[in-house]
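Novice: Would you mind keeping the following structure in view while I ask a few things?
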Amino acid sequence: MTIAFEPGLSRATARIRMAEELERTGIAEGRGDARFLLLHLLGLTQTDLSLRGNEPIGPVGAETLTDALQRRLAGEPVARILGEWEFRGLTFALSPETLVPRPDTETLVDTALRLVAHPSPTVLDLGTGSGCILVALLSAWPGARGIGIDRSQDAVATARRNAAANGVADRSLFLRGDWCEAVRGPFDLIVSNPPYIASSVIPTLAEEVREHDPMAGLDGGADGLDAYRSIIGALGTRPELLAPGGRLMLEIGYDQAETVGALAPGAGLVVEGIARDLAGHSRVVTLRPSSDVTSACNTGA
Ligand code: GLN
């Protein structure tokens, strides 16, 4: 039986008890998690905690923290307990059918912002989930418009909410659908962070991912490449989805640059470049129609 917090307990003591309890259970980031949960759930700043740490958490705080501690002890990630997570400085609500936005995916957004010269591109985001990629892009490009597609109605509704909360609802549209099936081009940029983990690897994932992220956002089929085959294949049959000069940017697993790149020629695409994440892993592959690319561009890294 875990501890229940009393309303009269001070903020500082609540933080310490929470950290101790998490560390006792073997949660590696126990101290950081306790601080993060306490600040967010009680709506405090670091200063509130440092300078007014002896104020009581109160009855609502006691109930909220007791519930959060129990959930964290049961293995639920901090992001799921809070029900929201930050991505490129914006806050995104989460729901059961959306992945928690990952720092790795910021590489995709950064790469798009660096490579796309068009000041107000049209963007298509396939498997949008929480909408974090599309919303971050529209937020960075004030004139851009975009469509986010997801197979899950729950994800579509969450992405819509996130677009509204981040001020880009009037420039975005979220639809339920299967990859590009429901849309007509042309788009200046097509992005996707599809499921790319091989089915056999799923059981080896960290419990926090395996048990709490939606399988539809993770499982990429027998070799992890099913989604890439569908997306790249769709561009092969419908090249008009990309506007002249347009690009397809895909998040990939750290060891998939070669196998994903190898799918490109069959669809009339070439690899323009591969971007690395902060850990130095290949993380984003950028593809362009071979007809758009001169041999000079093609030799670039
Ligand atoms: N990078 C994610 C993870 O590590 C995988 C997300 C995906 O398959 N798109 O869990």
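Since every read-out is calculated from the coordinates, none of them should be taken as a lab result. Owing to the predicted nature of the structure, the values given are computational and were not obtained by experimental measurement. Note that each Cβ is placed from the backbone with ideal geometry, even for glycine, and that neighbours are counted across all protein chains shown.
Novice: Place the peptides 222-230, 116-124, 98-106, 200-208 in order of packing, highest mean first, counting for every residue the other Cβ atoms within 10 Å and averaging per peptide. Working shown, then result.
Specialist: Numbers: 222-230: 18.4, 116-124: 16.9, 98-106: 20.7, 200-208: 11.6.
Descending packing order for the listed peptides: 98-106, 222-230, 116-124, 200-208.
Novice: Relative contact order for the stretch 36-120: what is it in percent, counting Cα pairs under 8 Å that are at least 6 residues apart? Walk me through the intermediate numbers first.
Specialist: Numbers: 45 pairs, mean separation 16.0, N = 85.
With pairs under 8 Å counted, the relative contact order is 19 percent.
Novice: So, one more: For every other residue with a beta carbon closer than 15 angstrom to the beta carbon of residue 19, add +1 if it is Lys or Arg and -1 if Asp or Glu, then tell me the sum.
Specialist: Details: positive: 11, 15, 17, 24, 31, 35, 72; negative: 20, 21, 23, 29, 33.
Summing Lys/Arg as +1 and Asp/Glu as -1 gives +2.
Novice: Further question: When DSSP assigns beta bridges and you keep just the ones with both residues in the chain, what percent turn out antiparallel, to the nearest 5?
Specialist: Working: 16 of 36 bridges.
Restricted to the chain, the bridges split so that about 45 percent are antiparallel.
Novice: Rounded, prolate or oblate: which fits the stretch 119-249, taking a ≥ b ≥ c as square roots of the Cα gyration tensor eigenvalues, rounded meaning a/c under 1.5, else prolate when a/b beats b/c?
Specialist: Oblate, because a/c is 1.5 or more while a/b does not exceed b/c.
Novice: Mean residue ellipticity at 222 nm from the helices of the chain, using -39,500 (n - 2.57) per DSSP H segment of n ≥ 4 over the full residue count, to the nearest 500 deg cm²/dmol? Write out the running numbers ahead of the final one.
Specialist: Numbers: 12 runs with 116 residues, N = 301.
The helix contribution divided over the chain gives -11000 deg cm²/dmol.
Novice: Within 15 Å, Cβ to Cβ, of residue 156, how many net charges do the neighbouring residues add up to if Lys/Arg are +1 and Asp/Glu are -1? Walk me through the numbers on the way to the answer.
Specialist: Values: positive: 151, 160, 161, 176; negative: 97, 125, 150, 154, 178, 181.
My count for the surroundings of residue 156 gives -2.
Novice: How much net charge surrounds residue 230 when only other residues with a Cβ under 11 Å from its Cβ are counted (Lys, Arg +1; Asp, Glu -1)?
Specialist: -2
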